[in-house]
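Report on one structure; see the data block that follows.
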Amino acid sequence: QQQVKQSPQSLIVQKGGISIINCAYENTAFDYFPWYQQFPGKGPALLIAIRPDVSEKKEGRFTISFNKSAKQFSLHIMDSQPGDSATYFCAASSPGRETSGSRLTFGEGTQLTVNP
Amino acid sequence: DGGITQSPKYLFRKEGQNVTLSCEQNLNHDAMYWYRQDPGQGLRLIYYSQIVNDFQKGDIAEGYSVSREKKESFPLTVTSAQKNPTAFYLCASSQPGQGPTGELFFGEGSRLTVL
């Protein structure tokens, strides 16, 4: 099963609050879990990524929490700002020799709105 | 500045017409991709190319065609056989060995509307 399920589909948070986006997967062979951020009218860009050998990775206000046994991972945005308003995609990569993009499965996306 | 340029940004097409979307990169990346983005469906891979003169079908290749005659260019043709072509199309590139498992670099997209 190659699906990655992402929730919620949309999220509204007040400035200064915590935004949490969740993803779940079935394929235990996935070995790399990136998050991409997409601003309106732009292409996605890599935000942060984690490998399954660690349970958490933090970069500034952005943290990925990873639960291997539950096959779930989540993005936490602390002190959310209006400039964080964007669509966020989780993804999971399966191992292999083919080029990276061909091994990525994306979640459905979450549209985050941070109100001032 | 290095990056990926997609054109046109907006395109309108009548049913039954083929249309070609342009994608050019100056990142010197070997691999290039085309994704389709629909609301609530994430990014779905249409075609990808790992080297010049070679390309493979992705998950939703039916009704699309590509070519890779130059390293910098990977145009996508949306043919009249594509049943639901109205969507946002994203081109991306990556370089094996650069960054963790090959970070994808995306263009700004082309929005195709079929009238």
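Scanning region A:71-104 for residues that are more than 28 Å from A:Ala29 (Cβ to Cβ) and aliphatic (A, V, I, L, M), we see that the one that is nearest to the chain's Cα centre (by Cα) is A:Ile77. For region A:11-116, the strands (runs of 3 or more DSSP E) that sit wholly inside it and include 2 or more residues that are away from chain B (no Cβ under 14 Å) are A:19-25, A:56-59, A:62-67, A:72-77, A:110-115. Scan region B:16-34 for residues that are part of a strand (DSSP E or B) and either among the small types (Gly, Ala, Ser) or in contact with a His (Cβ under 6 Å, 6 or more places away or on another chain) (or both) and the total you get is 2. Only residues that are at the interface with another protein chain (Cβ under 10 Å from one of its Cβ atoms) and touching a Lys or Arg at 6+ places or on another chain (Cβ under 6 Å) were counted in region B:48-87, giving 2. For region A:21-36, a residue qualifies if it is surrounded by fewer than 19 Cβ atoms within 10 Å (Cβ to Cβ) and either within 15 Å of A:Thr110 (Cα to Cα) or without any contact (Cβ under 8 Å) to a residue 12 or more places away in the chain (or both), and the qualifying residues are A:Asn22, A:Ala24. Exactly one residue among B:Leu76, B:Leu21 is touching a residue at least 60 places away in the same chain (Cβ under 8 Å) and surrounded by 15 or more Cβ atoms within 10 Å (Cβ to Cβ), and that residue is B:Leu21.
None of the figures in this text is laboratory data; all of them are computed from the coordinates on show. It should be emphasised that the depicted structure is a prediction, and the values quoted were computed from it without experimental measurement. Cβ sites come from the backbone with ideal geometry, for glycine too, and all protein chains shown count toward neighbours.
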